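Scroll down for the structure; my scribbles are underneath it.
The values are calculated or read from the model by the stated rules, or taken from the named source; none is laboratory data. A quick note: this is a predicted structure, and the numbers were derived from the prediction, not measured. All Cβ positions, even for glycine, are placed from backbone atoms using ideal geometry, and neighbour counts span all protein chains on display. All accessible areas refer to the heavy atoms of the entire protein, side chains included, with ligands and DNA or RNA removed. Shrake-Rupley method; radii C 1.70, N 1.55, O 1.52, S 1.80 Å.
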Amino acid sequence: MPTAQHEKGERFRALHEGGPFVIPNPWDAGSAKVLAGLGFEALATTSSGFAFTLGRHDGGVSLDEVVEHTRALAKAVDVPVSVDLENGYGAEPEQAARAIERAANAGAVGGSIEDYDPEDERIYDLGPALERVTAAVEAARGLDFPFVLTARAENHIRNNPDLDDTIARLQAFERAGADVLYAPGLRSIDEISAVCEATTKPVNVLARPKLSLSEIFEAGAQRVSLGGSLAFVAVSAMAAAAEAIRDDGDFAPIALGPELGGWLGALG
């Protein structure tokens with residue numbers, strides 16, 4: 001009889017074979033419950049949002065901490081959870097594979113590996129980057145349930161907006177067996193279309209305020225994620241309310257809308 005994780009894995013894989021969808025990014029178990037309660041069919045963690053909850057910058061969290069975070073989110077909701085595993089928390093292919101295995105053991109049914117080396121602050125050369133994705137794919141295929149492996153090309157958010165190189169990397173990751181391709185930071189519909197037309201696997205696109213969802217879908221994206229944006233929208237709202245209290249003695253911003261009861265109801 002299939003396990004609950006196997007069923008989540010099947011659902012997550014099926015989402016990538018159907019119509020395009022949005023996968024929002026909670027930063028803790030409470031925000032995960034709210035997003036699931038709002039009807040989103042899958043969730044993905046955010047490395048920057050989670051790091052902020054610990055008072056750190058993006059990249060300042062350990063694999064052990066991410067695993068525990070993953071376990072908390074996967075336990076909190078009934079929808080599939082995918083994990084932002086950054087570079088796999090190590091430069092070696094074996095470390096990327098280990099990150100996939102540990103995320104899966106914590107309840108995830110998807111995860112991403114990127115081609116940026118935070119230690120040297122550079123993009124991995126294509127050869128090592130490909131070896132790391134290949135190892136992650138092999139780890140995912142070795143699990144006893146479906147696991148959607150996303151391979152990320154980081155050029156556009158690492159000060160190297162070279163579209164040709166990004167496409168070449170994504171094509172190599174596709175040949176290595178990645179299930180989803182992702183180049184965060186694509187700036188225009190033309191760039192999104194170029195990536196989607198050059199590849200055959202589902203493409204994830206990071207939302208941008210000046211691009212509409214319909215435009216991104218029409219450009220060929222299968223999945224749209226939000227990164228850390230929802231976490232920082234929440235932080236911005238908190239800071240604005242606190243400033244109004246500090247500067248004007250105005251408590252109006254802390255008035256709660258009627259929808260709060262529904263969100264809290266989602267906590268069970």
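Around the Cα centre of the chain, unit charges on the Cβ atoms of Lys, Arg, Asp and Glu (plus for the first two, minus for the last two) sum to a dipole of about 660 debye.
Considering only DSSP beta bridges whose two residues both sit in the chain, what percent are antiparallel, to the nearest 5?
On the way: 2 of 23 bridges.
Counting only bridges with both partners in the chain, antiparallel ones make up about 10 percent.
Share of pairwise Cα-Cα distances greater than 29 Å in the chain is 30 percent (whole percent).
Sparse packing (at most 15 other Cβ atoms within 10 Å of the Cβ) combined with a DSSP loop state is found for the following chymotrypsin sites (Phe, Trp or Tyr not before Pro) in the stretch 213-268: PHE251. Taking N as the number of residues in the stretch 97-139, what is its alpha-carbon radius of gyration divided by 2.2 N^0.38 Å? Normalised by 2.2 N^0.38 Å, the Cα Rg of the stretch 97-139 equals 1.23. How many angstrom lie between the C-alpha centres of the stretch 5-39 and the stretch 121-141? First find each Cα centre; the distance between them is then 25 Å. For the stretch 60-207, the carbon plus sulfur part of the accessible surface works out to 44%, probe radius 1.4 Å. Expressed per residue, the C-alpha convex hull volume of the stretch 118-173 stands at 90 Å³.
In square nanometres and to one decimal, what's the mean projected area of the convex hull around the Cα atoms of the stretch 139-262?
Values: hull surface 46.6 nm².
If I average the Cα hull's projected area over directions, I get 11.7 nm².
Bridgeable aspartates and glutamates around LYS75 (alpha carbons under 15 Å apart, same-chain partners fewer than 8 residues away excluded): GLU7, ASP28. In whole percents, the pair-distance distribution calculated for the stretch 38-91 from its alpha-carbon pairs, binned every 10 Å from zero, is 24, 53, 21, 2.
With contacts defined as alpha carbon pairs under 8 Å and 6 or more residues apart, what's the relative contact order of the chain in percent? Numbers along the way, then the final one.
Values: 481 pairs, mean separation 50.6, N = 268.
Relative contact order for the chain comes out at 19 percent.
How much length, in nm to one decimal, is gained on full extension between LYS210 and LEU126, taken as 0.36 nm per residue of separation minus their Cα-Cα distance? Write down the numbers at each step before the final one.
Numbers: separation 84, 0.36 × 84 = 30.24 nm, distance 3.12 nm.
That works out to 27.1 nm of additional length.
For the stretch 72-206, the spherically averaged projection of the C-alpha convex hull amounts to 8.0 nm². Close amide H pairs (under 5 Å, H built 1.01 Å from N) link VAL205 with ARG223, VAL224, SER225, residues at least 5 positions away or on another chain.
Against the chain, whose longest principal axis is taken from its Cα atoms, helix 4-15 shows a tilt of about 80°. By a straight-distance test (C-alpha under 28 Å), which lysines pair with LYS201 as possible cross-link partners, with residues fewer than eight away in the same chain excluded? Within reach: LYS8, LYS210.
Work the Kirkwood hydrodynamic radius out for the stretch 1-151: mean of 1/r over every pair of different alpha-carbon atoms, inverted, in Å. Write down the numbers at each step before the final one.
On the way: mean 1/r = 0.0648 Å⁻¹.
About 15.4 Å, per the Kirkwood formula over Cα pairs.
Computed in the context of the full set of protein chains, the accessible area of the stretch 4-50 at 1.4 Å probe radius has 55% of its extent on carbon or sulfur. Proximity of backbone amide H atoms, modeled 1.01 Å from N, is registered between VAL148 and GLY110, GLY111 at under 5 Å, excluding neighbours fewer than 5 places apart on the same chain.
For the stretch 113-207, the residue among ILE157, PHE145, ALA183 whose Cα projects farthest onto the positive side of the dipole built from Cβ charges is PHE145. Note on the stretch 203-268: semi-axes of the ellipsoid equivalent to its C-alpha gyration tensor, largest first and rounded to whole Å, are 32, 17, 10. Rolling a 1.4 Å probe over the protein heavy atoms gives the stretch 1-114 an accessible area of 42 Å² per residue. The alpha carbons of the stretch 18-62 give a radius of gyration and a Dmax of 12.0, 38 Å, in that order.
FRET efficiency for the HIS57 to ASP162 pair, using the beta carbon distance and R₀ = 30 Å, is estimated at 0.75.
So with the 1.4 Å probe, I'd like the accessible area per residue for the stretch 165-268, rounded to whole Å².
Values: 5460 Å² over 104 residues.
I get 52 Å² per residue for the stretch 165-268.
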